[in-house]
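Some notes on the structure that comes next.
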Amino acid sequence: MRVIAVVNQKGGCGKTTTTVNLAACLAADGARVLAADLDPQAHTTIALGVDPEELDENVYEVLVDPDGAKRLRSVIVPVSERLDLAPSGIVLSAIEQKLAGAAPSGESPTERLGLALETIRDDYDYVVIDCPPNVGVLTFNALRAARELIVPLETSYFAIDGVQRLLETIGLLSERLGHDLEVRILPTLYDGRTRYSRTTLGEIRELFKDLCFDSVIRINVKLREAAQHGLPIIRYAPRANGARDYAALALEVEVTPPEGLSVAAPEAPEETDTADVREVVIRFDDPSAGDVRVAGDFNGWIPDKGVRSVIESNGQTRVWTKVLRLPPGTYQYRYVVDGEWREDPTNPNTVPNASGRQNSLLVIS
Ligand SMILES: Nc1ncnc2c1ncn2[C@@H]1O[C@H](COP(=O)(O)OP(=O)(O)O)[C@@H](O)[C@H]1O
Ligand SMILES: [Mg+2]
């Protein structure tokens, strides 16, 4: 069971939207998923179509007393096929005060969610936890229970400082607990039509490098409407950009489990003779681009999958260097620039593709 907490102390950066839609997309892909709502505002609960006022109990019961772990099963409500919810409610806002200094010696009130999740370990493939917009006892419960963290980061507004502080807190915590946390940044609320958003995304990628997901969540009003209708986007508007973006994120999460954890259906190791693999470097520069990825037949056309990216700034120009490791052969590829697929402008070698455009050709001998 993979436990993923969605955390950022800033409100409005897409934590709830990410929790709801990542959970729903993972379930649609065949995994058994629990969405756990730790925010007293209960937005995840509401966005999954459950009215917190109508429930007799919620995660408060699980967290409030040292024996609460066994209550988790009775608190969980089913939402849709393979997707369940551990709901929240306003009563959860009392928990910080309630737990402050109240723990019997030897028991930490920040361990309670983790202990509760142990009791359902065999029932789910993923638990996705939504956190409140602050770092208190609820968020600490999530950080201790999780092995993976997703930090949504708005690309329309440069919230880097806050995120760096959060990363420091997370680093300290995982050191103190001797518990490795794999942190990844998810660019959200991206608007590829504005230069500002593109520049910011480029800066985020440059600063956080491998910590960044390849997936980017674009601004899409359907995401807000879906939440208002109590449905995940893949059920409310399956063809909307928001549905595509969260499906891509789910796929990226599925194919990149943290080290030491195996995926449900492990892929067969590739049969390439590593001695025969060449390192090939291709470069793309465009001062107005915020995000450049490469997709080709060598990575199943999944942008940047298996590709090492190095981003260099040269005055106003940003140069994306893509390092590919491939055996000799002929490969087709395209760049994905701010979500738009393009041929390589510096490569005269192309072949027509099925959609009437050109794929660039790479020949490795
Ligand atoms: N990609 C997006 N496009 C459009 N609206 C979004 C997007 N992500 C989130 N929103 C909207 O922005 C608001 C804040 O998002 P939310 O996920 O609730 O953030 P948080 O949980 O971090 O406070 C909500 O109204 C939500 O519907
Ligand atoms: Mg929220």
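When R224, R244 are checked against the criterion of being closer than 24 Å to G30 by Cβ, modelled with pLDDT of 85 or more, part of a helix (DSSP H, G or I) and of a type outside the set (S, T, N, Q), R244 stands alone in meeting it.
Looking only at residues of region 66-102 that are assigned to a loop (DSSP other than H, G, I, E, B) and surrounded by fewer than 15 Cβ atoms within 10 Å (Cβ to Cβ), we find that the one that is modelled with the highest pLDDT is E81.
Condition check for R205 on (1) basic (K, R); (2) surrounded by fewer than 22 Cβ atoms within 10 Å (Cβ to Cβ); (3) modelled with pLDDT under 95: one failure, at (2). Pick from N8, N21: which is of a type in the set (S, T, N, Q), in a loop (DSSP other than H, G, I, E, B) and under 16 Å from the mean Cα position of the chain (by Cα)? Just a single option satisfies the conditions, and that option is N8.
Any residue in region 281-309 that is among the basic types (K, R) sitting within a Cβ distance under 6 Å of a residue that is assigned to a loop (DSSP other than H, G, I, E, B) and modelled with pLDDT under 85? List the pairs, counting only those 6 or more apart or interchain. Close Cβ pairs satisfying both conditions: R293/P303.
Write out, first by first residue and then by second, each pair whose Cβ atoms fall under 7 Å of each other, whose residues are 6+ apart or on separate chains, and whose first residue, in region 117-139, is farther than 19 Å from V20 by Cβ while the second is part of a loop (DSSP other than H, G, I, E, B) and within 16 Å of ligand 2 (Cβ to nearest atom). Matching pairs, first to second residue: N134/Q9; V135/Q9. So which pairs qualify, if the first residue must be in region 178-195 and within 10 Å of ligand 1 (Cβ to nearest atom), the second must be at pLDDT below 80 and part of a loop (DSSP other than H, G, I, E, B), the Cβ gap must be under 8 Å, and the two must be at least 6 apart or on different chains? Taking only residues 6 or more apart or on different chains, the pairs are L189/S156; Y190/S156; D191/S156. When residues in region 1-32 are screened for being crowded, with 24+ Cβ neighbours inside 10 Å, farther than 17 Å from S215 by Cβ and more than 13 Å from ligand 2 (Cβ to nearest atom), 1 of them pass. When the test is whether a residue is surrounded by 13 or more Cβ atoms within 10 Å (Cβ to Cβ) and in contact with a helix residue (DSSP H, G or I) (Cβ under 6 Å, 6 or more places away or on another chain), K305 passes it. Inclusion of D210 among residues that are more than 30 Å from E118 (Cβ to Cβ), in a helix (DSSP H, G or I) and more than 17 Å from the chain's Cα centre (by Cα) is not warranted. Highlighted here are the strands (runs of 3 or more DSSP E) found entirely within region 325-365 that include at least 3 residues which are at pLDDT 90 or above and under 20 Å from R293 (Cβ atoms): 329-337, 358-364. Being within 16 Å of ligand 1 (Cβ to nearest atom) and farther than 29 Å from P238 by Cβ holds for only one residue in L72, L92, and it is L92.
The values are calculated or read from the model by the stated rules, or taken from the named source; none is laboratory data. A quick note: this is a predicted structure, and the numbers were derived from the prediction, not measured. Neighbour counts run over all protein chains shown; Cβ positions are idealised from the backbone, glycine included.
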